[in-house]
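Worksheet: one structure, shown below.
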Amino acid sequence: MFEKVLVANRGEIAVRIIRACKEMNIRTVAVYSEVDANSMHVQMADEAICIGKAASSESYLRIDRIISAAEIADVDAIHPGYGFLSENAHFAEVCESCNIRFIGPSPRAMSALEDKAVSRALAKKAGVETPPGSEGTVENEKEALTIAKKIGYPVMIKAVAGGGGRGMRIAHNDISLVKGYHTARSEAEKCFGNSGVYIEKFIENPHHIEIQILGDTKGKIIHLGERDCSVQRRNQKLIEESPSPLLEQKFRKLRDKIGKAAIRIAEAARYTNAGTVEFIVDDHGNFYFLEVNKRIQVEHPVTEEVTGIDLVRAQIEIAMGEPLRYSQSDIVMKGHAIECRINAEDPFGDFRPSPGRIEMYYQPGGREVRVDTHAYAGYTIPPTYDSMIGKLIVRGKDRREAIDRMNRALNEFMITGIKTTISFQQAIMQDPNFRRGVYSTSFVEQLLGGARRELIEEKT
Amino acid sequence: MNPDSVVCIIEAMKVMNEIKSEVKGVITQILIENGKPVEFGQPLFKVRPV
């Protein structure tokens with residue numbers, strides 16, 4: 001049994017973890033940076049220890065200081081939350097060597113899954129496909145043509161050193177491949193000083209679907225269904241839902257298949273605790289393994305709402321060495337849950353960050369509405385950390401009810417003093433394609449570029 | 001500097017924002033310190049337009 005847990009995080013996830021601990025009668029220790037002295041998690045925890053200056057490199061990322069705080073407070077375990085040190089295998093190792101339980105996967109499983117090549121190999125061993133492509137860099141035109149022929153058009157030529165769309169070309173046939181191969185190489189050379197490129201199958205209208213898993217220390221692993229996180233802007237998720245409309249409407253048999261694939265990968269890595277196996281699914285129902293997120297995720301509440309399982313509590317129980325209380329057959333997804341991330345950003349000004357003091361704060365309530373946040377009236381959001389200030393989660397008996405409830409709840413949500421993405425989320429809830437459940441990862445880009453902008457009305 | 005010259009980067013909420021000059025001119029004084037927080041509306045540079 002744990003008597004005391006240190007939460008090595010801040011913001012809404014620190015609050016979420018402290019709440020779970022309180023319900024389990026576990027005492028809590030918060031750590032915080034100078035700028036977070038008034039943050040909610042500091043006020044909620046039983047004890048709080050300041051670990052340095054605002055910059056995360058001087059506080060939340062300092063392993064030595066967090067361990068010192070844990071020693072001073074004499075805790076049994078550390079919960080790392082998400083981000084910061086949550087997927088740092090070295091940190092997990094240091095915890096274990098100091099006789100403090102790390103609430104997460106074993107350092108060994110973490111390191112194995114960190115490495116792209118190793119995790120691809122694990123997936124292969126588990127019989128799960130990864131996006132088809134070249135093994136390593138492509139050295140000449142001929143090789144490029146051979147690979148493209150093998151995996152089939154369209155293909156993507158990507159710079160090894162790339163990023164931000166530079167050194168990247170899509171090819172639909174041999175002619176555009178040869179042309180794209182050379183331009184991508186010269187662009188990569190110019191931008192990154194490295195002309196190396198590789199080829200990967202281009203997946204059109206991809207859907208980002210992930211499987212929540214739980215594994216105990218006895219080797220039992222189950223999955224808790226999927227989350228569809230295809231509504232993204234610049235690779236940042238905005239909305240997550242469970243179940244996925246794509247699987248519900250088009251590929252009903254896929255849930256079981258992807259779920260089993262996720263379990264096989266987790267088993268191959270001898271994974272313990274909570275984790276998420278990410279997949280990309282195309283319009284034809286092919287799915288490919290991307291990576292494993294070795295932590296609790298931002299969007300975990302949608303899974304909690306449809307399965308009724310408290311994932312943070314499960315994480316703590318697993319870390320205490322308890323066997324999983326559920327079997328796969330106990331997991332039933334009931335109804336539909338949606339989460340909207342509320343960010344301190346200006347949707348009318350290219351989503352510029354909008355830190356500052358919250359003047360007025362009123363959060364929605366009513367049936368099946370949940371708000372996970374660290375925000376309150378009078379709280380000043382520092383410019384130092386990421387812009388997410390809360391999550392609004394609703395559940396409905398079906399997707400339609402959940403969307404209508406979300407729309408209602410967003411309408412009630414009032415935050416003044418800073419700009420937020422609430423109005424943008426409302427526009428999405430009213431978008432006909434979103435309502436029909438027909439969307440891919442390019443949805444937000446299309447919405448912003450299209451004529452639907454008039455729907456985003458500023459709230460007064 | 002010319003219009004659109006990047007004069008500094010302001011980091012806010014983990015996003016790096018390039019700040020561009022609005023005028024052609026010469027920076028005569030830097031009013032801020034590297035790595036120190038700034039507020040909305042705070043002057044960053046004194047500029048002599050050319």
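I need the full set of residues from region A:221-279 which are among the charged types (D, E, K, R) and over 30 Å from A:Leu448 (Cβ atoms), in order please.
A:Arg252, A:Lys253, A:Arg255, A:Asp256, A:Lys257, A:Lys260, A:Arg264, A:Glu267, A:Arg270
Among the residues of region A:205-238, what is the count of those that are outside any strand (DSSP E or B) and of a type in the set (Lys, Arg)?
Residues flagged as outside any strand (DSSP E or B) and of a type in the set (Lys, Arg) within region A:205-238 amount to 3.
Conditions (1) farther than 22 Å from A:Lys391 by Cα; (2) of a type in the set (Phe, Trp, Tyr); (3) surrounded by fewer than 24 Cβ atoms within 10 Å (Cβ to Cβ), marked per residue:
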residue: A:Gln212; (1), (2), (3): no, no, no
residue: A:Lys218; (1), (2), (3): yes, no, yes
residue: A:Leu224; (1), (2), (3): no, no, no
residue: A:Asp228; (1), (2), (3): no, no, no
residue: A:Arg233; (1), (2), (3): no, no, yes
residue: A:Leu238; (1), (2), (3): no, no, yes
residue: A:Ser244; (1), (2), (3): no, no, no
residue: A:Ala274; (1), (2), (3): no, no, no
residue: A:Val277; (1), (2), (3): no, no, no
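Is there a residue in region A:124-131 that is touching a residue at least 40 places away in the same chain (Cβ under 8 Å), among the acidic types (Asp, Glu) and part of a loop (DSSP other than H, G, I, E, B)?
Within region A:124-131, one or more residues are touching a residue at least 40 places away in the same chain (Cβ under 8 Å), among the acidic types (Asp, Glu) and part of a loop (DSSP other than H, G, I, E, B).
I'd like to verify a number: residues in region A:355-374 that are at negative phi and either within 14 Å of chain B (Cβ to nearest Cβ) or of a type in the set (Asp, Glu) (or both), how many?
Adding up the residues that qualify gives 4.
If I filter region A:377-385 for residues that are in contact with an Asp or Glu (Cβ under 7 Å, 6 or more places away or on another chain), within 12 Å of chain B (Cβ to nearest Cβ) and at pLDDT below 95, do I get at least one hit?
Looking for residues that are in contact with an Asp or Glu (Cβ under 7 Å, 6 or more places away or on another chain), within 12 Å of chain B (Cβ to nearest Cβ) and at pLDDT below 95, one finds none in region A:377-385, hence no.
Conditions tested, residue by residue: (1) surrounded by 16 or more Cβ atoms within 10 Å (Cβ to Cβ); (2) modelled with pLDDT of 90 or more; (3) assigned to a helix (DSSP H, G or I).
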site: A:Lys149; (1), (2), (3): no, yes, yes
site: A:Tyr153; (1), (2), (3): no, yes, no
site: A:Lys158; (1), (2), (3): yes, no, no
site: A:Gly162; (1), (2), (3): yes, no, no
site: A:Lys179; (1), (2), (3): no, yes, yes
site: A:Arg185; (1), (2), (3): yes, yes, yes
site: A:Lys190; (1), (2), (3): no, no, yes
site: A:Tyr198; (1), (2), (3): yes, no, no
site: A:Ile203; (1), (2), (3): yes, no, no
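Identify the single condition in (1) surrounded by fewer than 16 Cβ atoms within 10 Å (Cβ to Cβ); (2) assigned to a loop (DSSP other than H, G, I, E, B) that A:Leu324 does not satisfy, given that it satisfies every other one.
Failed condition: (1).
Hey, does region A:113-135 have a residue that's closer than 26 Å to A:Lys4 by Cβ, out of contact with any helix residue (DSSP H, G or I) (no Cβ under 7 Å at 6 or more places or on another chain), outside the structural domain of A:Ala269 (by TED's automatic domain parsing) and not basic (Lys, Arg)?
no
Restricting attention to region A:14-41, which residues are of a type in the set (A, V, I, L, M), touching a strand residue (DSSP E or B) at 6+ places or on another chain (Cβ under 6 Å) and over 19 Å from A:Ser86 (Cα atoms)?
Listed by number, the list holds a single entry, A:Ile26.
Take the residues in region A:332-354 that are surrounded by 19 or more Cβ atoms within 10 Å (Cβ to Cβ) and more than 14 Å from every other protein chain (Cβ to nearest Cβ); name whichever of them is farthest from A:Asp216 (Cα to Cα).
Only one residue tops the list, namely A:Pro347.
Return the total of residues in region B:30-50 being away from chain A (no Cβ under 14 Å) and under 13 Å from the mean Cα position of the chain (by Cα).
9
Search region B:1-29 for residues being of a type in the set (Lys, Arg) and either more than 14 Å from chain A (Cβ to nearest Cβ) or assigned to a strand (DSSP E or B) (or both), and hand back the single one that is farthest from A:Glu345 (Cα to Cα).
B:Lys24
Here's the yes/no breakdown for (1) more than 26 Å from the chain's Cα centre (by Cα); (2) in a helix (DSSP H, G or I):
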| position | (1), (2) |
| --- | --- |
| A:Ala48 | yes, no |
| A:Ala54 | no, no |
| A:Leu61 | no, no |
| A:Gly83 | no, no |
| A:Ala121 | no, yes |
| A:Glu139 | yes, no |
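Mind counting the residues in region A:78-100 that are within 19 Å of A:Met320 (Cβ to Cβ) and surrounded by 19 or more Cβ atoms within 10 Å (Cβ to Cβ)?
Qualifying residue count, region A:78-100: 8.
Does A:Phe289 satisfy the criteria of being in a loop (DSSP other than H, G, I, E, B), more than 14 Å from chain B (Cβ to nearest Cβ) and touching a residue at least 40 places away in the same chain (Cβ under 8 Å)?
Answer is no for this residue.
Here are the criteria: (1) acidic (Asp, Glu); (2) closer than 30 Å to A:Ser106 by Cα; (3) not assigned by TED's automatic domain parsing to the domain that holds A:Glu241. Tell me which single one A:Asp216 does not satisfy.
Result: A:Asp216 passes all but (3).
Run A:Arg400 past the list (1) within 14 Å of chain B (Cβ to nearest Cβ); (2) surrounded by fewer than 19 Cβ atoms within 10 Å (Cβ to Cβ); (3) basic (Lys, Arg) and report the number of the one that doesn't hold.
The one condition A:Arg400 does not meet is (1).
The values are calculated or read from the model by the stated rules, or taken from the named source; none is laboratory data. Quick caveat, the model's predicted, so the values are computed rather than measured. All Cβ positions, even for glycine, are placed from backbone atoms using ideal geometry, and neighbour counts span all protein chains on display.
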